[in-house]
Structure formats: C-alpha cells, structure tokens
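Here the structure comes first, spelled out in structure tokens, and everything after it is commentary.
Values in this text are rule-based calculations from the coordinates and carry no lab data. Since this is a predicted model, take the numbers as computed values, not measurements. Positions of Cβ are backbone-derived with ideal geometry, glycine not excepted, and every protein chain shown enters the neighbour counts.
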Amino acid sequence: MLSVALPKGRLGEAVYAKFAAMGYGCAGMGTDSRRLVFEDASRGIRYILVKPSDVGVYVEYGVADLGIAGKDVLLESEPDVYEVLDLGLGKCRIAVAVPLDFAYNGALPLRVATKYPRIASRHFAAKSQDIELITLHGSMEIAPVTGLADVIVDIVETGATLRENGLSPVETIAESSARLIVNKSSYLFKRADIDAILAGLEANA
Amino acid sequence: MDILQGNFTWEDRTSLKLGALFERYGFARYYMGKFESYDLYRENKNFLKSDTAITFTDSAGRLMALKPDITMSIAKHAAENGPAEKLYYVENVFRKAPGRPDVAEIKQIGLEYIGGSKEDLYPALETVLLACKSLEMIDPAHILSVGHMGFISAALDAAALYGPRREQALEAIRQKNPGSLAALMSGEENPLLHLLASLSAPLPTALPLLAETAAVRGNAELYTCVEELRALHAALLAVGFAGQVHIDFSIINDMGYYNGIVFAGYIRGIPRAVLSGGRYDNLMQKFGKKRPALGFAVYLGELARAFSTPPVFDADLLLLCGDAEPVARLRAVETLTQDGYSVLSCIEPPLGFKAARTLRLLENGEMEEIAHA
C-alpha cells in the first residue's frame, strides 16, 4: 500500500487527476466530502488530504510515502525527504515586493512581513542586511499599505494581486512549482511501486 | 531471573546486546565525561548533526558544552600513532533531534575504528559488517545504503562543477533529483551524474552499472573508488551479509570531514535512518592525526519509538498488609523477593497499579491470593 499526501485545493486536485489517469484512482476522491483519507486496497493506494504546508511533515514522518508540495513550502520547512521530480504545476516565484513609492531608510532595519520567515531570514542574511521579521499567515499584500511592514516576501504568479495593492516585485528569491517528494525509508523498501508512479508522472509531465 | 527480562527499557537491552556484539570483534568500551570544551564544536560545526549545544561556564571560567557528539571527542583524544584503536561507546548526547523543540538527551551507541594504514581495507570491511550485523540484530527487514564521498568528489571534478554549482549539484544528488542536475549542466548529457542522482540498488546490480560507465573507465580516481566498493561487496558476500547492502550516493556528509565510504541504515517501517557512519580521515587530520578512522552510530531513540512496548504489569505481586506489624510485613516481602518476585507492599493499593497477582498478609504471617490478573 502506498500512501500519498496531497495538498488540499487546486494543486492537489490537479495532481490527483494525473494519478487517476495512471490507474491510481480512488472512489470518493473529488466528491464534495469532508473525508480526508481515501483508500483503495485493490489498487494499493491511499490518499491523505492535508494542508499544503503540512505535506512535508507527513512524508518526513513516513505517514505518507509520497507527497506533493510546493518548492516554496520545501524551502521554508526543509523536511528531510527526497525531492525527486518537478511536476511543472503551480509555477510561481518567491519574491521581495515593495510599495511603488518605496524609499528605503538604510539607518533602520528593514521591516519584512512574510509567511516564509526562514526563507526571508536566509535571503537577507546572505546579503548581510539587518531586518525585522514579521511573520503573518495571509493577506501579505496589505502589510506595507497599512504601515505594518516596509516590504513583503511572498509568492508571485502574475503579479496582479501585488499591483492591485500598490506593490511591485523587485527581487526574485527562488522559483517554485509543485514537487514530488518521497520518504527516504519508503524509497528503499517500496522502490518498485514508487518508480512506477515516478515513471507515470514523468511521462505525463 | 534473566536480568534482561527485568524492568529494562528496550534501549537498555539493545545497547547491551550491541555492546556484546562489538566486544566479540575486539572493540573495547570507551567511557567519557559529559562535558567538552565548546571550542571543539564551534570550530567543527559542519561535522555535527545539529549546531545547537547546551553550554555553561565551568569553575575555571572556561566555556564548556554538554556533548552533542561523541566521535569528535574520541578523534580529538586518539593517539597520534601506534596500533589500531577499536572503541565503542554507549553514551547520551545532547542536541536537537528532528521534531524536538529544543536540545534533548539522546541515547547513542556507536563504534570507532582508528588507525591502520590508509591502504588497508580491513577496517572498512569490519566496520561495515558490524553496521550490517547491528541492523540485523534490531530487525531482519533492513537495508544499509553505502555511498562514497571520494567518488562523488571525483565525479564533480570530472564534470568541472566547482563553487556554488558544486553545492547545487551536491544538493541535487542528496535529493535524488536528476532533473535538477541536468538543468545545472544546461541540458548537456552526463550519464555519470545522472547515475549519482538516481542510483539506489543492491551491490551486485549497482557495481556493474558504475564500472561500465565510460567516465569511470577513463578516470583512475573513480575506478579506484569502484574497486573499493567491489572489494566491500566481495568481503560481505564471503561472510553472508551482502544481500541487504545498497549503493546510494544520496548519502552525503561534509567533505571537509568524510573522505571515503559513508553509509546509513534503514529499518522497514521507520521513516528515518537509524544508523549512520563513514570514513572520516579528514576529521582526524584536523586534529593533527594522520591516521585513518571509520565509525558509525546507532540512534536508539529513533528505534525505541518503534520497538518499545510498555510493561504489562508494574510489579509481579501487590501485597496488601492491612495493619500488620512492620517486621511481619518486611519478613513477608523478603520471602517473596527471595523467590524472585518483584513486590509492592502497601496498606492501600496505588490508583492504577497493575500487578500479576494480589496477596493479602494474614495475622499469622501467611499470605493468601485475593486476585489474579
């Protein structure tokens, strides 16, 4: 039995469609249900639907053998797993975004609002730039306009949301997309099953 | 009473069994203090699994640390030359472990094989064999994955990957991500690098794949590493332990310390490596000792969660003594313990206490059984 941790939401649905097309469909998935665990013993597959930021945890602890997680989540939480494939879905970038009229006062630490405190800390530390870190969990875009922060570090797709809130991305920290991650012990003991899924996803990429 | 069946934890019993295994191969137990100068760890942070340590100032004003690592202390205090030193330890280290919010006390058993000549393969063969036997003792469903830092280093040199690109390549190999490695090479095909990032196979399957790669055939350094792995396979085959050893280059330790074979042990059903080790000649050189050294550690804490089972009973017997005279009570307890039982004597049983049998002490000094689990 292979367990797969899928992120709740559009990305998880898109990846599940690929799994189903490969023959790993599971009754009940995709219906309007509050269930979060689905299993098909005959196909040897189990799906666990979790918060996107928790996929790495489930895979690292071996509750799931495989998982789909964004590179942004992996860079932030750094789970001890194998990252074996870029699925090319959910492409975006992690960027520093500033207000259009931003003027940096170098005499003070830059106040950075983000839901990626570790990514932001590493980025600015590499530039030896002193910052004050404000960790938020959503609606990052309003932090500068409300005076909470000078800049934000957040994911950017088209940039439309940033523009609507008077922000502009000025520096890309990393590219992000959905990745297939594998538990290290599962990789050894369930290799054939994992290779079959990997081959199927590579063929459908 | 078999002492191993008493109230010993799984960790206690396993460390005794592993210690006995190591002693059969001539390893002597090494005892050490709990503290070490913090400078040792500050100057060698990349060797540690975690760079967080508990520090304090001793009575002489020196900054000390509760040991986060044992190998470094053994390497520091090892002789500069002389006959080989074969040491094993059962110690607690203090460091951050996966999932723990702060520094924790972690029980660890391991061994170090220090000395001999750099050309002598025997220390590596015996060390890897003991790693295999340690895993076998814990659970027959195990795999020992073996990599080689020298092979990786030579392969990256051959691909002219240096500086930040070398770090990115190492990360791609560590993550088993051939796609990232290919992107780093700008689409230029490199079968050897692809193999480094994708290979995880039993020795008999992996060795021909490596040996037949053109890059290996044409590179003396790579060829030498493959021959070392081939010799390892032959030795393990000769003693019946080759079946569960894989080649896997995703096992990457800091090249500043590790220079040859590195390995990690996995047990089916346990998500993380439970054993890790390798050859660390470079660490010895940092301490001014030109002696080869190998070793490994078994992470008992990681295993205990999977293998520990809580005891069924708190004691064999619960003796209810009512208002018996203290001497009569002591005499009764002495009689029972001399018969080999564990006994709790009391007037009122503690809440939730579980005993296999419950006895009552009578006025005439005899005991009657009133309950049996």
Exercise. Work out from phi, with θ = phi - 60° and the Karplus expression 6.51 cos²θ - 1.76 cosθ + 1.60, the ³J(HN,Hα) of each residue of region B:9-18, listed in order in whole Hz, and give x for Gly and Pro.
Key: 6, 4, 4, 4, 5, 5, 5, 5, 5, 5
Quiz item: Based on the Cβ-Cβ distance of B:Phe313 and B:Met137, what FRET efficiency does E = 1/(1 + (r/R0)^6) give at R0 = 30 Å, to the nearest 0.05?
Solution: 0.65
Quiz item: trypsin sites (Lys or Arg not before Pro), restricted to region B:294-373: which are DSSP loop and have at most 14 other Cβ atoms within 10 Å?
Solution: B:Lys354
Self-check item: Total charge dipole magnitude, region A:21-97, about the Cα centre, Cβ charges on Lys, Arg, Asp, Glu only, Debye to nearest 20
Solution: 340
Self-check item: GNM result for chain B, Cα springs below 10 Å: residue of B:Ala75, B:Ala234, B:Ala328 fluctuating most strongly
Solution: B:Ala328
Quiz item: Based on DSSP H runs of at least 4 residues, each adding -39500 (n - 2.57), what is the mean residue ellipticity at 222 nm of the protein assembly as shown after dividing by all its residues, to the nearest 500 deg cm²/dmol?
Solution: -10000 deg cm²/dmol
Quiz item: What number, in nm² with one decimal, is the all-direction average of the projected area of the convex hull of the alpha-carbon atoms of region A:1-138?
Solution: 10.5
Quiz item: Is the shape of region B:1-100 best called rounded, prolate or oblate, per the rule: a/c under 1.5 gives rounded, else a/b larger than b/c gives prolate, else oblate, with a ≥ b ≥ c the square roots of the Cα gyration tensor eigenvalues?
Solution: oblate
Quiz item: What is the helix-to-structure angle for B:220-238, meaning the angle in degrees between its Cα long axis and the longest Cα principal axis of chain B, kept from 0 to 90 and rounded to the nearest 10?
Solution: 40
Quiz prompt | From phi via Karplus (6.51, -1.76, 1.60), per-residue ³J(HN,Hα) for region B:266-278 in Hz, x at Gly/Pro | solution = 10, 10, 4, x, 9, x, 10, 4, 10, 8, 8, x, x
Practice problem: For chain B, with a Gaussian network of springs between Cα atoms less than 10 Å apart, report the residue from B:Asp58, B:Asp339, B:Asp102 with the top mean-square fluctuation. | Solution: B:Asp339
Quiz item: Roughly how crowded by other chains is peptide B:263-270, in terms of the mean Cβ count from those chains within 10 Å of each of its Cβ atoms?
Solution: 3
Quiz prompt | Percent of beta bridges antiparallel (DSSP, chain B, rounded to nearest 5) | solution = 75
Self-check item: Convex hull volume of the protein assembly as shown per residue (C-alpha atoms, cubic angstrom)
Solution: 245
Quiz prompt | Rounded to 10°, Cα long-axis angle of helix B:326-338 versus longest principal axis of chain B | solution = 40
Exercise. Taking all pairs of distinct Cα atoms, average 1/r, flip it, and tell me the Kirkwood hydrodynamic radius of region B:144-205 in Å to one decimal place.
Key: 11.8
Exercise. May I ask which of A:Lys184/B:Lys67; A:Lys115/A:Lys190; A:Lys127/B:Lys107; A:Lys51/B:Lys96 have a Cα-Cα span longer than 32 Å here?
Key: A:Lys115/A:Lys190; A:Lys127/B:Lys107
Quiz item: If you place +1 on the Cβ of every Lys and Arg and -1 on the Cβ of every Asp and Glu, how big does the dipole about the Cα centre of the protein assembly as shown come out, in debye to the nearest 20?
Solution: 680
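Over the residues of region B:256-366, compute the C-alpha Rg and express it relative to 2.2 N^0.38 Å.
2.01
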Self-check item: Distribution of pairwise C-alpha distances over region A:1-53, 5 Å bins, in %
Solution: 5, 21, 35, 28, 10, 1
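Please give me, ordered by residue number, the GluC sites (Glu not before Pro) of region B:92-154 that lie in loop per DSSP and have at most 15 other Cβ atoms within 10 Å.
Counting only loop positions with at most 15 other Cβ atoms within 10 Å, the GluC sites (Glu not before Pro) in region B:92-154 are B:Glu119.
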Quiz item: Which of B:Cys346, B:Cys132 comes first, and how do the rest follow, when ranked by fewest Cβ neighbours within 10 Å?
Solution: B:Cys346, B:Cys132
Quiz item: Can you give the Rg to Rh ratio for chain B, taking only C-alpha atoms and Rh from Kirkwood?
Solution: 1.11
Exercise. Could you tell me which of B:Val262, B:Leu207, B:Cys225 has its Cα farthest along the dipole of region B:198-332 towards the positive end, charges placed at Cβ (Lys, Arg +1; Asp, Glu -1), taken about the Cα centre?
Key: B:Cys225
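Once you have the Kirkwood Rh of region B:104-244 from its Cα pairs, apply Stokes-Einstein at 25 °C and 0.890 mPa s and quote D in µm²/s.
Using the Kirkwood radius from Cα pairs, D works out to 146 µm²/s.
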Quiz item: If you plug each phi of region B:196-210 into the Karplus form 6.51 cos²θ - 1.76 cosθ + 1.60 with θ = phi - 60°, what whole-Hz ³J(HN,Hα) values come out, in order, with x for Gly and Pro?
Solution: 4, 7, 10, 6, 7, 8, x, 3, x, 7, 6, 4, x, 4, 5
Self-check item: Rh by Kirkwood over Cα pairs, then Stokes-Einstein D for region B:162-257 at 1.306 mPa s and 10 °C, µm²/s
Solution: 111
Quiz prompt | Residues with amide H under 5 Å from that of A:Gly70, placed H, sequence gap 5 or more | solution = A:Arg179
Quiz item: How big is region A:85-185 by the Kirkwood estimate over distinct Cα pairs, in Å?
Solution: 14.4
Practice problem: Tell me which residues come under 5 Å, amide H to amide H, from A:Ala174 once H is placed; ignore anything under 5 positions away on its chain. | Solution: A:Ile94
Practice problem: For region A:43-138, build the charge dipole from Cβ charges (+1 Lys, Arg; -1 Asp, Glu) around the Cα centre, then report which of A:Val57, A:Val96, A:Ile131 sits farthest towards its positive end. | Solution: A:Val96
Quiz item: Nearest 20 debye, what's the magnitude of the dipole of chain B about its Cα centre given +1 on Lys and Arg Cβ and -1 on Asp and Glu Cβ?
Solution: 960
Practice problem: Please give the helix B:122-138 orientation as an angle from the longest Cα principal axis of chain B, in degrees from 0 to 90, rounded to the nearest 10. | Solution: 40
Self-check item: Antiparallel %, DSSP beta bridges [both residues in the protein assembly as shown], to 5
Solution: 70
Quiz prompt | Cα lying deepest toward the dipole's positive end in region B:52-178, options B:Gln108, B:Gly61, B:Ala79, charges on Cβ | solution = B:Gly61
